[in-house]
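Input: a single structure, listed below in structure tokens.
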Amino acid sequence: MPDFRAYAPQATADAREIRLDADESHHLVAVNRCSRGDPLVAFDGRGREWQCECTDAAKSGAVLTVKSTRQAPALPCAITLAQALPKGSTMDEIVRQATELGAARIVPLLTGRTQVHLDGDRADRKVQKWRTTAIEAAKQCGNPWVPEIAPVQKLDWLLTTAAKDYDLKLIASLHAGARPLRGVVAHWRTQHNRAPQRVLWLVGPEGDFSPPEMTACVMAGGVPVTLGPLVLRCDTAAVAALSVLNYELSS
């Protein structure tokens, strides 16, 4: 497998040659030290990959000659991580690890206990930064699918407008009565005679969702799920939630 990967979202399926934009060229050539003649994989973030050779290692516009192409199979379950915004740069790491674990979509959430408040241009800049982080993570781990990073949304908006689009809605919870994930997934499979294809994971902020928010999540069809007896940091909870769900869906 080639050591180099390049993001080429505008490449066509039948491309014989791919010309990278200036930013991607600089990263490939100046940062990663790709040279003329080196093999590499270009990918569009939507499952298509091109086996290529670098035929022009220009830092402002590298050119790749396509040797072959493949379309990766669609993800068996499209998982959306709806993550309440944590403090500091923690969201960057959540995006990185969620990409590595195959999340299809990441929704940054504003909740009552969120201590980070983003408005206007600042929110747009953060979202763009997270999208860049997802692309870099996909390059590093070999994921041909780059998750969609949604604009920052309020929890109540998500619950009233988008939650109906999912087969299964899960809430990471420390509350009494939260159920083990294995039983929740098994029950859904028994009811529908198939595995869920679109799942929403809701992960709260530091301090968890407030009681009214938890009630709203349940009223929208969410199932409180336990991730164990210990109180996890929100970034740890996100990784644990995605990891355990991937395991249960593959078993």
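The values are calculated or read from the model by the stated rules, or taken from the named source; none is laboratory data. Predicted model only: the values in this text are computed from it and were never measured. For neighbour counting, all protein chains shown are included, and Cβ atoms are generated from backbone atoms with ideal geometry for every residue, glycine included.
Here are the numbers:
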{"quantity": "The range 165-185, subset in contact (Cβ under 8 Å) with a residue 24 or more places away in the chain and in a helix (DSSP H, G or I), residue surrounded by the fewest Cβ atoms within 10 Å (Cβ to Cβ)", "calculated": "D165"}
{"quantity": "Single match in A137, A150 (criterion: within 21 Å of E100 (Cα to Cα), out of contact with any strand residue (DSSP E or B) (no Cβ under 9 Å at 6 or more places or on another chain), modelled with pLDDT of 95 or more and assigned by TED's automatic domain parsing to the domain that holds H117)", "calculated": "A137"}
{"quantity": "Test: residue in the range 28-46 that is assigned to a strand (DSSP E or B), touching a residue at least 12 places away in the same chain (Cβ under 8 Å) and in the same structural domain as R125 (by TED's automatic domain parsing)", "calculated": "no"}
{"quantity": "All positions within the range 76-110 that are more than 20 Å from D165 (Cβ to Cβ), of a type in the set (S, T, N, Q) and in contact (Cβ under 8 Å) with a residue 12 or more places away in the chain", "calculated": "T90, Q97, T99"}
{"quantity": "Any chance T215 is in the same structural domain as D92 (by TED's automatic domain parsing) and surrounded by 15 or more Cβ atoms within 10 Å (Cβ to Cβ)", "calculated": "no"}
{"quantity": "Residue that is surrounded by the fewest Cβ atoms within 10 Å (Cβ to Cβ) [pool: residues in the range 108-151 that are within 14 Å of the chain's Cα centre (by Cα) and β-branched (V, I, T)]", "calculated": "T132"}
{"quantity": "Single condition T99 does not satisfy, out of (1) part of a loop (DSSP other than H, G, I, E, B); (2) surrounded by 15 or more Cβ atoms within 10 Å (Cβ to Cβ); (3) not small (G, A, S)", "calculated": "(1)"}
